[in-house]
Amino acid sequence: MKRDRLAQLRSFWSEFRQVRFGMVGVALLVVFLALVIFERPLLTYRDVNSRWRDMMYWTDSPRYALPVWVNWFTSKDYATSAVIQAQNVQEAEGVRRTTMEFPYEFKAGRPPSDVLLQLALTGQVSLTLDIVRPDGRSVTYQKNTSSSGSQVLRISVDQNLRERVFQMVASAEDPAVAASRNPKQINSVGVLFGKAQPGVFSDPQVLDGTYVLKLDVTLVGATAKLDSAKVIVAGGVSGILGTDAQKRDLWSGLVAGTKWALIIGLLTSIISVVVGVIYGVASGYFGGWIDSLMNRIYEVFVSIPLLPILIVLSAVFKPSIWIMITMMCIFFWVGPVKTVRSIALQLKENAYIEAAQGLGASHRRILFKHMIPQLVPYAFASMALAVPGAITYEASISLIGLGDATVVTWGQILFDAYSSGAVLQGIWWWIVPPGLAIALMGMTFAFIGFAMDTILNPKLRTR
């Protein structure tokens with residue numbers, strides 16, 4: 001028996017390989033499965049599943065950063081996001097004082113969006129930060145801080161050093177222009193990385209070279225300590241797919257959403273097709289008033305529009321991905337019923353079914369032993385074709401803001417893009433990848449389903 005099944009599988013696979021679009025679907029499915037299996041090492045941010053909507057988790061990332069590969073197609077490269085560790089760390093003898101440097105080699109056509117110094121401190125601390133440019137000009141920032149426990153201190157060029165950056169290059173600008181400018185309204189990062197020449201405030205020209213951030217930390221008291229220090233460069237490009245308005249890494253979101261697309265599509269299609277096949281076979285087998293009653297029930301369910309039901313339920317109750325899958329299963333089962341019923345009407349006229357009935361076989365045995373196994377190939381094809389619909393429904397519900405916000409799905413990413421005006425602002429890297437992923441996932445199972453239909457349905461072979 002097992003050898004016969006293996007032979008059938010080999011025969012089916014041999015025929016399947018002859019259908020080119022079916023093999024394309026298999027190749028795409030392998031890619032999606034690989035993204036799920038190797039999700040952990042592929043994620044740029046490992047905690048994306050639990051902290052996707054935790055804005056503090058993404059604080060140090062750049063906002064609206066383009067994908068890194070955009071630099072391959074631009075004449076002026078964007079600065080790349082980077083984390084710089086301390087070098088030349090020195091501790092003074094007899095005094096609780098530490099000095100360190102953070103060199104940043106800047107070679108790009110556009111300045112970063114921000115430069116941040118991040119410190120993990122405890123107790124009373126006094127610090128001085130000097131940013132020395134390649135041309136020798138420097139900016140100095142001093143701060144005293146005190147806390148009873150540990151704290152994370154962030155010093156941002158964009159937020160904390162605007163006036164100091166203005167004063168550094170004001171002498172190079174035309175006096176009348178410098179007097180008319182408001183220091184709080186300048187692009188401080190662009191000016192910091194710009195040449196000290198007239199026009200630096202309105203149209204700064206980038207100054208390449210090595211920028212050195214020098215940090216001098218004095219610990220006051222026995223309990224004060226410096227746990228860690230690093231410099232974060234928030235560049236104009238970041239990661240494989242860039243970042244969104246909340247500074248979230250879109251590549252991590254896309255990878256994390258792959259498993260939910262497969263769960264939604266496969267779980268919904270498997271449950272609904274299994275129920276639909278059993279229902280359709282039972283309806284065709286029993287016939288008479290049972291068939292009429294089951295047909296009336298089928299007509300009721302098939303006439304109810306699913307999307308409005310999902311919208312109402314999501315608006316009334318707390319949106320949940322599992323409730324959404326359950327509701328889709330409740331309505332998707334009607335898909336294969338009519339076709340299965342017509343096949344069952346033909347199968348029950350076969351001699352082996354009549355022989356089983358004559359030998360006293362139970363209805364359950366006839367249904368599950370003799371009839372349903374004949375419909376397994378059709379069931380697999382139906383499952384594959386039902387997956388794109390389930391994924392699209394979830395994306396539609398999420399796109400109007402009624403999806404489950406506790407999980408990362410491609411529909412949720414599109415909703416965030418829509419609500420933040422990504423289309424109007426031209427932030428294509430926030431819209432195209434999740435939309436393309438939904439389309440590719442749908443094509444994957446559509447190709448596989450149509451290929452299976454071509455092989456298993458004799459009529460399609462002659463078309």
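Rule-based calculations on the coordinates, nothing more; no lab input. Being a predicted model, the structure only gives us computed values, none of them experimental. For neighbour counting, all protein chains shown are included, and Cβ atoms are generated from backbone atoms with ideal geometry for every residue, glycine included.
Computed values, structure above
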| quantity | calculated |
| --- | --- |
| Label-to-label distance, nm, for residues given as GLU163 and ASN182 (7 Å Cα→Cβ offset) | 1.5 nm |
| 222 nm mean residue ellipticity, helices alone, for the chain (DSSP H n ≥ 4; -39,500 (n - 2.57); rounded to 500) | -15500 deg cm²/dmol |
| Helical segments meeting 20 Å axial Cα length and Kyte-Doolittle 0.0 threshold in the chain (DSSP H) | 20-37, 250-286, 288-303, 376-399, 428-456 |
| Listed residues LEU119, PRO134, THR98: farthest to the positive end of the dipole of segment 87-137 (Cβ charges) | PRO134 |
| Per-pair calculated FRET efficiency, R0 = 41 Å: PHE12 and THR44 via Cβ, rounded to 0.05 | 0.55 |
| Residues of type lysines that LYS369 reaches as a straight line, Cα spacing below 16 Å, ignoring anything fewer than 8 places off in the same chain | LYS348 |
| Candidate aspartates and glutamates - alpha carbon under 12 Å from LYS338, same-chain residues fewer than 8 apart omitted | ASP291, GLU299 |
| Inter-label distance for ARG63 and LYS76, nm, one decimal - labels placed 7 Å from Cα along Cα-to-Cβ | 2.1 nm |
| Dipole of segment 160-251, positive direction: furthest Cα of SER202, ALA234, ASN187, with charges on the beta-carbon | ALA234 |
| Computed FRET value (nearest 0.05) for TRP322 with LEU153, which takes r as the C-beta separation and R₀ as 56 Å | 0.85 |
| Projected label distance in nm at ILE330 and SER396, using a 7 Å step from Cα toward the beta-carbon | 1.7 nm |
| Backbone N under 12 Å from the SER146 label point (7 Å along Cα→Cβ), restricted to segment 87-123 | 123 |
| Fraction of antiparallel bridges per DSSP, the chain only, in percent to nearest 5 | 95 percent |
| MET56-SER420 FRET efficiency (beta carbon distance; Förster radius 25 Å; 0.05 resolution) | 0.85 |
| Net charge of neighbours whose Cβ lies under 15 Å from the Cβ of LYS338, counting Lys and Arg as +1 and Asp and Glu as -1 | 0 |
| Pairwise centroid distance, computed over Cα atoms, of segment 167-184 with segment 198-247, Å | 23 Å |
| Most positive-pole-ward Cα, ALA108, MET371, THR444, against dipole of the chain from beta carbon charges | MET371 |
| Listed pairs LYS143/LYS230; LYS76/LYS107; LYS76/LYS195; LYS76/LYS230; LYS143/LYS225 exceeding 19 Å between Cα atoms | LYS76/LYS230 |
| Packing-based order for 57-64, 13-20, using average beta carbon neighbours within 10 Å, highest first | 57-64, 13-20 |
| Bins of 10 Å from zero: percent of alpha-carbon pairs in the chain | 4, 15, 20, 18, 14, 10, 8, 6, 3, 1, 0 |
